[in-house]
Amino acid sequence: MNVPFLDLGRRPEALRKIDLLAIQGVLDSGVSILGPEVENFENQWALEAGCPAAVGVGNGLDALEIALRTLDLGEDAEVVVPSVSAAATVLAVLRAGLKPVFADVDPQTGLMCMESAEIAVGPRTRALIVVHLYGRLDRPDQWVGFCRDRGLALVEDCAQAHQASWNGQRAGSFGQVAAFSFYPTKNLGALGDAGAVTSSDIGLIRRAQELRDYGQAERYEHHRVGLNSRLDELQAAVLSARLQHLGQETSRRREIAQFYYDNLLHADLSLLERPKEPESHVYHLFIVRANKRSGFRSALLRQGVQTDIHYPRALHQQIAFESVAHSPGGLAQAERFAEVCLSLPCNPWMHDHEVEKVVESVNKLRVH
Ligand SMILES: *Cc1c(COP(=O)(O)O)cnc(C)c1O
């Protein structure tokens, strides 16, 4: 029996029916882009993110770019970003015409290290992107204070953190503005690309609405140099349908993660710091650190257990981002993290016996 890392084809039949009904509704409506389904999903997603409003856009990268551009940070503004993240985090800064600065990460979580971010802040720094990587919301209140004290805008990259909360407050409501992705593999995934921007500032929401649609304030009134990043009715309808099951799916992810935390035991493997607040982690990914990673991976694969790596290089080690500035403290932890991080299967479609098989396979592994 093989355990796939993630098989989206395993969505239960009942959920497929719900998808089909949503699609049929859009076909019947005759509206394809920015219609009632988009508005309906935006209203629902605003509630999920603890914000008064959300703006549906084409994908997560656009959501981040638009979020940054709503802030009007000015030319040459610097934005601090972690060096362990999806490439989109830094791509968005570059596409918004701003200057990213990489900060190092905390080896216990893989998330941005506050000391490293602190020394990355210079006279031209205007914003910081906190990435709730792997689905983990870690002391966001401290990032809020950090940015407030330094006069920086806080932007949240929530692409992996749908419905994560800290002291009852949802990811997406801590910063001035936040970006979500609904790429099919995310905790809430569309049937293709989709994303959203959330904010409690209605002025920023208005700008995001303009920016996603050619920068139009009114039809054929272009006030900004915008993008075409409109969410379509089909994706919005599917997202609304799937949202009804997200809570249940997140509970299943947490159950699997808890089983891993309680049972994984291997001399060459260490777990990341266990979150103290269960609600703060939605386990988009379950990461461990394996000293002999490649041996570990191939031995697991021989047992039929598929794993993945998020991410095999720190962002500053990518050719495309060679010229991006680094925090003066260096990025040694990010490089080390990229060498040892390993993602174990953790998704709502896993059966109990598969979860048990992952643990048994890991624990009995002999790695050379
Ligand atoms: C997926 C992801 C994005 C980008 O989302 P897309 O919809 O793929 O453009 C941004 N940031 C993080 C952390 C992500 O995981």
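The values are calculated or read from the model by the stated rules, or taken from the named source; none is laboratory data. Treat the numbers as computed from the prediction; the structure is a model and nothing was measured. Note: ideal-geometry Cβ built from the backbone for every residue, glycine included; neighbour counts use all protein chains shown.
Residues in region 184-204 that are of a type in the set (Asp, Glu) and either more than 14 Å from the ligand (Cβ to nearest atom) or under 20 Å from Lys17 (Cα atoms) (or both): Asp201 only. If you go through region 161-183 and keep only what is near the ligand (Cβ under 10 Å from one of its atoms) and either assigned to a helix (DSSP H, G or I) or closer than 14 Å to Leu61 by Cα (or both), you end up with Ala179, Phe180, Ser181, Phe182, Tyr183. Each residue in region 50-62 was checked for being buried (at least 24 other Cβ atoms within 10 Å of the Cβ), more than 16 Å from Arg206 (Cβ to Cβ) and small (Gly, Ala, Ser), and 1 of them qualify. Pro107 meets the stated requirement of being away from the ligand (no atom under 15 Å from the Cβ), under 27 Å from Arg252 (Cα atoms), not polar (S, T, N, Q) and not in a strand (DSSP E or B).
Annotation: of all residues in region 83-104 being among the small types (Gly, Ala, Ser) and assigned to a loop (DSSP other than H, G, I, E, B), the one that is nearest to the ligand (Cβ to nearest atom) is Ala86.
Which of the residues that make up region 63-80 are over 13 Å from the mean Cα position of the chain (by Cα) and near the ligand (Cβ under 10 Å from one of its atoms)? Don't jump to the end; show me each part of the working.
Step one: of region 63-80, the residues over 13 Å from the mean Cα position of the chain (by Cα) are 65-80.
Within region 63-80, Glu65 is the sole residue that qualifies.
Assessment of region 129-136 against the conditions (among the basic types (Lys, Arg), within 14 Å of the ligand (Cβ to nearest atom), in contact with a His (Cβ under 8 Å, 6 or more places away or on another chain) and in contact (Cβ under 8 Å) with a residue 12 or more places away in the chain) yields at least one matching residue.
Restricting Ala96, Ala86 to residues that are at pLDDT 95 or above and closer than 15 Å to Ala159 by Cα narrows the list to Ala86. Among residues of region 137-160 being more than 16 Å from the ligand (Cβ to nearest atom) and among the small types (Gly, Ala, Ser), the one that is surrounded by the most Cβ atoms within 10 Å (Cβ to Cβ) is Ala153.
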